[in-house]
Amino acid sequence: MDFLKTLGVKEKNFGSSTGLEWGASTDQGELKSVSPVTGELIGSVYLASEADYENVIAKAQSAFHVWRQMPGPKRGEIVRQLGMKFREYKDPLGHLVSFEMGKSLQEGLGEVQEMIDICDLAVGQSRQMYGFTMHSERPEHRMYDQYHPLGIVTTVSAFNFPVAVWSWNATLAAVCGNVNLWKPSSKVPLSAIAVQNLVQEVLKENDLPEGIFNLMIGRGSTIGEKMLHDKRIPLISITGSTRVGQHAAKIIAGRFGKSILELGGNNAIILTENANLKLAVPAIVFGAVGTAGQRCTSTRRIIVHESIYKKVKSALTKAYSGMKIGSPMEASNHMGPLIDRDAVNMYLDAVKAVEEQGGKIICGGEVLSGKGYESGCYVTPAIAEVENHYAIVQEETFAPLLYLIKYEGDVSNAIALHNDVVQGLSSAIFTDNLQEAEQFLSCRGSDCGIANVNIGTSGAEIGGAFGGEKETGGGRESGSDAWKAYMRRQTNTINYGTELPLAQGIKFDI
């Protein structure tokens with residue numbers, strides 16, 4: 001495959017990098033990357049050792065002392081060059097993301113574009129890392145706050161976005177003066193290696209030290225646990241399941257570290273009787289079957305007013321009957337495979353649970369076989385009629401399984417159903433009624449970190465802060481003022497007078 005050669009991905013690759021040098025350990029086992037598109041082996045990675053980890057941490061600590069001294073706009077210039085490098089290699093990198101993960105080629109290319117866009121945002125942010133000036137109660141005093149870099153910022157990314165989540169964290173953390181350590185998902189290691197190769201080119205072209213952008217591909221039970229317990233890492237950003245986040249948060253908090261957690265989503269769209277179905281139906285279908293339902297913002301639940309329920313059910317069933325399922329490398333297909341056969345089994349278990357708990361599968365729910373489906377990872381997307389309280393509906397099923405839920409009365413009843421899950425990432429309402437829309441966005445409306453009107457739950461722009469509430473974790477990445485999470489805040493007071501007045505008028509004479 002030409003895109004592998006273009007990106008410098010070999011048949012066998014090493015699992016650690018300091019940005020300029022790759023590790024050489026081969027005694028920790030070999031991680032094989034198999035494409036869910038065809039079932040064929042793409043390449044493999046020698047897992048990093050604990051010695052590799054210590055080497056990377058040492059180089060990162062050393063690089064931090066150099067990198068933090070570089071002016072923010074100068075760091076932004078390096079990130080700008082990263083963005084240009086990603087532009088240059090957008091096509092081969094997009095192909096690799098699609099082939100290794102299984103998302104459509106359009107989505108693979110779109111993910112690389114997201115990397116480019118976040119680089120642009122970070123470049124601008126490099127000149128706007130602002131603090132605030134406050135008036136002191138004491139004469140001839142000036143008071144303000146400012147932000148300083150933390151040190152080593154670690155990103156633990158998930159398989160569904162093999163490269164974009166790294167860029168959300170790494171580029172903003174870098175312009176803030178931090179150095180980066182990336183532990184990618186073991187399901188998509190080659191995409192990470194390709195990105196690291198491109199980063200290495202930029203570092204060499206600018207004669208920068210090793211240790212600024214680092215990569216570790218190793219076992220969670222060894223390398224992952226070392227990261228969680230390592231006091232040399234002040235911040236870890238984790239994208240993954242709620243279970244993983246709970247485990248990590250306890251350990252990190254126990255050593256008073258910081259964490260950004262982007263965990264599970266159980267995202268719902270409310271369709272009121274005032275919904276425009278010409279807008280709603282395409283948004284629902286894309287949100288539910290895009291990336292084969294393997295986005296944290298994928299649409300899981302549709303909460304529909306009883307007056308339009310039959311119409312919505314018919315429209316969605318018709319749309320699903322026309323879904324083209326096949327190789328994501330072909331633009332005409334709507335949905336590609338799940339990431340692996342374990343994901344397929346999880347999907348089938350969820351379909352079975354729906355029926356056992358009283359729900360009804362109205363379409364989909366099968367595994368496809370035959371020519372073009374040899375990997376065993378292709379399924380038909382399913383729609384189920386359920387009630388919100390079912391145990392399976394309360395969970396996040398990372399697959400194309402869409403739940404139809406009927407509500408009666410006004411929008412308050414729909415919002416109550418919407419909020420009655422433990423996750424709180426993305427949400428949406430379709431309505432042409434201003435009062436309904438504003439109620440959904442008010443403090444008694446959606447309890448999610450993202451709330452949309454007349455657009456779906458999936459596909460957030462990088463300009464806004466991304467993240468959720470409740471068991472989604474509460475962290476924020478990407479736009480708005482999310483950059484502050486990668487810095488430590490400091491309040492400064494300067495006395496430029498000749499007296500020493502104390503705050504609150506306290507007198508202390510000696």
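Assorted remarks:
- Rg/Rg_globular for region 204-329, with Rg_globular taken as 2.2 N^0.38 Å and Rg from C-alpha atoms: 1.57
- Working note: Karplus 6.51/-1.76/1.60 with θ = phi - 60° gives region 287-298 the couplings x, 8, 10, x, 6, 6, x, 10, 9, 5, 9, 4 Hz, where Gly and Pro are set to x.
- Quarter of the Cα convex hull surface for region 1-140, i.e. its orientation-mean projected area (nm²): 12.7 nm²
- Proportion of all alpha-carbon pairs of region 192-239 beyond 13 Å (%): 67 percent
- Taking all protein chains as they are arranged and a probe of 1.4 Å, the heavy atoms of E356 leave approximately 130 Å² accessible to solvent.
- GluC sites (Glu not before Pro) lying in DSSP loop within region 155-232, provided at most 16 other Cβ fall within 10 Å: none
- In this structure the amide hydrogen of G43, modeled in the peptide plane, comes within under 5 Å of the amide hydrogens of S33, none closer than 5 places in sequence on its chain.
- Between region 146-163 and region 362-398, the alpha-carbon center distance in angstrom: 32 Å
- Over region 302-412, relative contact order from alpha-carbon pairs under 8 Å, at least 6 apart, %: 30 percent
- For the chain, share of DSSP beta bridges that run antiparallel, in % to the nearest 5: 40 percent
- Projected onto planes of every orientation and averaged, the convex hull of the alpha-carbon atoms in region 466-510 covers 6.6 nm².
- The accessible area of W166, taken with all protein chains in place and a 1.4 Å probe, comes to roughly 10 Å².
- Rg ratio for region 376-436: its Cα radius of gyration over 2.2 N^0.38 Å, N being its residue count, equals 1.31.
- Its Cα gyration tensor gives region 150-223 an equivalent ellipsoid, and the semi-axes of that ellipsoid, as √(5λ) in whole Å with the largest first, are 20, 14, 12.
- Neighbour-limited loop hits for trypsin sites (Lys or Arg not before Pro), region 402-510 (at most 13 other Cβ within 10 Å; DSSP other than H, G, I, E, B): R444, K507
- Radius 15 Å from Cβ of E210, net charge of other residues (Lys, Arg +1; Asp, Glu -1): -4
- 1.4 Å probe accessible area per residue over region 334-406, in Å²: 42 Å²
- The trypsin sites (Lys or Arg not before Pro) found in region 80-158 that occupy coil by DSSP, while having at most 12 further C-beta atoms within 10 Å, are R127.
- Two-site label geometry, N433 and L502: point separation in nm, points 7 Å out along Cα→Cβ: 6.1 nm
- With all protein chains modelled, accessible area of T317 [1.4 Å, Å²]: 50 Å²
- Neighbourhood net charge (12 Å Cβ-Cβ; Lys/Arg +1, Asp/Glu -1) for R489: +1
- Binning the alpha carbon pair distances of region 177-262 at 5 angstrom intervals from zero yields the distribution 3, 13, 22, 23, 19, 12, 6, 2, 0, expressed in whole percent.
- For the chain, the convex hull spanned by the alpha carbon atoms encloses 171 Å³ per residue.
- Separation between Cα centres of region 254-305 and region 180-213, rounded to whole Å: 31 Å
- Compactness check for region 74-121: Cα Rg over 2.2 N^0.38 Å is 1.18.
- Solvent-free Debye scattering, log10 I(q)/I(0), computed from the Cα coordinates of region 342-501 at q = 0.18 Å⁻¹: -1.19
- Euclidean distance between Cα centres, region 10-55 to region 488-510, Å: 56 Å
- Cα-Cα over 28 Å, subset of K90/K204; K12/K226; K90/K278; K250/K360: K90/K278; K250/K360
- 3J(HN,Hα) from dihedral phi, region 237-247, Karplus parametrisation 6.51/-1.76/1.60, rounded to Hz, x for glycine, proline: 9, 10, 10, x, 6, 4, 4, 4, x, 5, 4
- R0 of 60 Å, Cβ-Cβ distance A416-K74: FRET efficiency to nearest 0.05: 0.70
- Taking only the C-alpha atoms of region 262-352, the Rg (one decimal) and the largest Cα-Cα distance, Dmax (whole number), read 14.3, 41 Å.
The values are calculated or read from the model by the stated rules, or taken from the named source; none is laboratory data. Predicted, not measured: the structure shown is a model, and the values here were computed from it. Ideal geometry is used to build each Cβ from the backbone, glycine not excepted, and the neighbour counts take in all protein chains shown. Calculation scope for accessible area: heavy atoms of the full protein, side chains included, ligands and nucleic acids excluded. Shrake-Rupley method; radii C 1.70, N 1.55, O 1.52, S 1.80 Å.
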